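Visitor: So that we are looking at the same thing, I have put the structure below in structure tokens.
Every read-out reported here was derived from the displayed coordinates using simple, explicitly stated rules and does not represent laboratory data. Keep in mind it's a predicted model, so treat the numbers as computed, not measured. With ideal geometry, Cβ positions are generated from the backbone for all residues, glycine too; neighbour counts draw on all protein chains shown.
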Amino acid sequence: MDLTEKTLSNKIIYDGAIIRAELDEVLLPNGSAAKREVVRHPGGVCVAALNEKNELAFVTQYRYPYAELVRELPAGKLERGEDPFDALKRELMEETGASSDTWRDMGKLYPSPGYCDEIIHLYACRIPSHGSSCPDEDEFLEVEYIPLEESVRLVMDGQLRDSKTQTLILKLDNALRKDPDFI
């Protein structure tokens, strides 16, 4: 059975600096029509940056939609048309002051495929050293380093709620258990 839905019409409801909201009418596989609300997003990057002590770099920042401080791995939004790898290096430097020459592609994450087309590109790296962060002028954050083993425990205990952070920590831990020289 062909499960593809075909777009019959598209209406832009909102077109902002970060997202665009659309209302589409689609043809379903059974021949019926339905409406689909879609949030278009340019995507993002997230990096598990591991130092020489096997500690991961984390940033804590206020996340307005949740009205709370959220601890997460360094991450950021892609500019429209920006290469994810370039964005990754920029975000790591801005948020933590770190850089690396050793990178591993850890795949892609679809955070909310029911209504949003955002794709988060996941990476891991080794950081030999780090300097001071230099976040964007509207970005306020604190940087800390947590051992990988402790980071896994924080995920499993529900203390790290961010999905990209959870996914990337568990993927990196699994990869390093199989091959300690993964990165």
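Visitor: Using the per-residue mean of other Cβ atoms lying within 10 Å as a proxy for protection, in what order, highest first, do the peptides 109-118, 83-92, 9-18 fall?
Guide: In descending order of packing, they fall as 83-92, 109-118, 9-18.
Visitor: Within region 31-74, list the trypsin sites (Lys or Arg not before Pro) lying in a DSSP loop whose Cβ has at most 10 other Cβ atoms in a 10 Å radius.
Guide: Passing sites in region 31-74 are 53.
Visitor: Regarding the chain, what whole-number volume in Å³ per residue does the convex hull of its Cα atoms give?
Guide: Cα-based convex hull of the chain, divided per residue, equals 152 Å³.
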